[in-house]
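Notes to accompany the following structure.
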Amino acid sequence: MKFSTEELIEGIQSGNKRLIAKAITLVESKKAEHRVQAEELLKKIMPLTGNSVRVGVTGVPGAGKSTFIENFGRLVITQGKKVAVLAIDPSSAINKGSILGDKTRMEELAKEENAFIRPSPSSGFLGGVANTTFETMMICEAAGYDYILIETVGVGQSEVLVADITDVFLFLKIIGGGDELQGIKRGIMEMVDLIFINKVDQDNLQKAKNTRLELKRALDFIPPKEKGWKIPVLLGSALFNEGLKDVYDTIFEFIDLKKNPGVLKKSVFSRLKSVLNIGFRNIFYP
């Protein structure tokens, strides 16, 4: 069933998840007539955007990104907030297909009334995000979601594009993933705002503390991304909800710092300037 732009906007503003999903499908479409309508839709919802906290979550496969996002999202909801999750799934280089199973993996979060989960294929687009992730975020912002969590593909140190379209870039690390030399490699490490060492328990607590110390030493070799912010390295277990409140409080502290004059660019147009090579290139700059 085809929906008009006005019907989609009304559905987005009312929080109708079905119409929100339809709007996202529209901006993901490559059909010429859909691109025209998507352009009209995005222009009209633009004044409704810019009020969400955008958090990019990255890490190697097996770092626990889905578990972290599910339990962190549920924590955010207990704080009276609404959460949207954009899960980017790697696509096959052979048949271009994707499993898109993240919504199934986040079963408990998917049951929450104030949560919206949208898996999307990367379709071979590099940088850890999909080609229309920025536009999808705009739709979720217009729908009133306070936190937008982006789960990147998880391919390693090349996932730096997500840092350009988010307010907070969170790196999940697991113990045994490399020594302090790994920490000073350029790429993802100089883009992160917060590091969370996941899967910490009593059996590996001392190793986790040693890893945190090594990371802190390594970060001393990397110039700070934001003036006045020293990248925190936190410990915890997303599976058992340990350390997630510390992450929530740290994100709040970081956003508060960026709200200082000259630091946070609140305007959506300002954000667009840094992402012309990602999503809006396809719609506004065909």
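Data overview
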{"quantity": "Extension gain from residue 242 to residue 221, taking 0.36 nm per residue of separation minus the Cα-Cα distance", "calculated": "4.6 nm"}
{"quantity": "Burial order of peptide ranges 114-120, 204-210, 240-246 (average beta-carbon count within 10 Å, highest first)", "calculated": "114-120, 240-246, 204-210"}
{"quantity": "Cross-link pairs beyond the 30 Å C-alpha cut-off, checked among 31/259; 81/259; 225/245", "calculated": "31/259"}
{"quantity": "Qualifying aspartates and glutamates (Cα of each under 16 Å from Cα of residue 44; at least 8 residues distant if same chain)", "calculated": "6, 7, 10, 135, 141"}
{"quantity": "Protection proxy ranking of 5-18, 58-71 - average other beta-carbon atoms within 10 Å, highest first", "calculated": "58-71, 5-18"}
{"quantity": "Label-to-label distance, nm, for residues given as residue 257 and residue 2 (7 Å Cα→Cβ offset)", "calculated": "5.1 nm"}
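Here, each number is a calculation from the coordinates, and none is a lab measurement. Given the structure is predicted, the values throughout are model-derived calculations rather than measurements. Cβ: placed from backbone, ideal geometry, glycine included. Neighbour counts: every protein chain shown.
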